[in-house]
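**Student:** The following block contains the structure, expressed as structure tokens.
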Amino acid sequence: MIRVKRVYESPSRDDGSRILVDRLWPRGLRKDQANIDLWLKDVAPSSELRKWFGHDPQKWPEFKKRYFRELKAKQEDLQTMERAAKKGNLTLLYSSREERYNNAVALEEYLDKDLKGLKK
């Protein structure tokens, strides 16, 4: 099962593998307190795409199209996440305050299509 969670939230037993999918390290979070298993910063959207999008809900459909194109070049990172999801729960961590329109939500959708239903 794949889920999305803000990195600042407390970890739970149901999280499984916790992978940070942001390009930038979360503000105010010390690495020794992060409770992450892996940081895949290269799977995050390019800086240009991230800045263009700016969490604007009206740009969401176009953002996802562009981001999904970028993800096609990230096969090694995608395979790492897919292996984790097949072993058990996978939690994609993000730091944005925006809960509905962020790269982790888009990435969850992308992986769900690839993995056909491991997401709850």
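The values are calculated or read from the model by the stated rules, or taken from the named source; none is laboratory data. Remember, predicted model here, so these are calculated numbers, not experimental data. Quick reminder, even Gly has a Cβ in these numbers, built from the backbone with ideal geometry, and neighbours come from all protein chains shown.
**Student:** For residues that are among the β-branched types (Val, Ile, Thr) and closer than 18 Å to Ser10 by Cβ, tally how many sit in segment 22-63.
**Tutor:** 1
**Student:** Go over the candidates Arg13, Arg100, Arg18, Arg23 one by one and state the one that is over 15 Å from the mean Cα position of the chain (by Cα) and not acidic (Asp, Glu).
**Tutor:** Arg13
**Student:** Still on this structure, I have one more. What do you reckon, is Phe63 in contact (Cβ under 8 Å) with a residue 24 or more places away in the chain, part of a helix (DSSP H, G or I) and over 15 Å from Leu111 (Cα atoms)?
**Tutor:** yes
**Student:** Let me ask another. Could you list all residues from segment 44-60 that are touching a residue at least 24 places away in the same chain (Cβ under 8 Å) and exposed (fewer than 14 other Cβ atoms within 10 Å of the Cβ)?
**Tutor:** Ser46, Ser47, Asp56, Pro57
**Student:** Mind telling me which of the residues Lys41, Lys64, Lys72 ends up being surrounded by fewer than 18 Cβ atoms within 10 Å (Cβ to Cβ) and out of contact with any strand residue (DSSP E or B) (no Cβ under 8 Å at 6 or more places or on another chain)?
**Tutor:** Answer to the selection: Lys72.
**Student:** Continuing with this model, one more query. So which residues in segment 78-102 are of a type in the set (Lys, Arg) and closer than 13 Å to Asp15 by Cα?
**Tutor:** Selection gives Lys87 alone.
**Student:** Just checking, how many residues over segment 25-55 are more than 23 Å from Lys86 (Cβ to Cβ), assigned to a loop (DSSP other than H, G, I, E, B) and out of contact with any helix residue (DSSP H, G or I) (no Cβ under 8 Å at 6 or more places or on another chain)?
**Tutor:** Looking only at that region, the number is 8.
**Student:** Would you confirm whether any residue within segment 78-93 is surrounded by fewer than 19 Cβ atoms within 10 Å (Cβ to Cβ), of a type outside the set (A, V, I, L, M) and touching a Lys or Arg at 6+ places or on another chain (Cβ under 9 Å)?
**Tutor:** yes
**Student:** Now for a separate question. Report yes if Arg83 is assigned to a helix (DSSP H, G or I), modelled with pLDDT of 95 or more and not aliphatic (A, V, I, L, M), otherwise no.
**Tutor:** So Arg83 fails the test.
**Student:** Given the residues Asp22, Asp32, which is the only one that is at pLDDT 95 or above and either of a type in the set (D, E, K, R) or out of contact with any Phe, Trp or Tyr (no Cβ under 6 Å at 6 or more places or on another chain) (or both)?
**Tutor:** The conditions single out Asp22.
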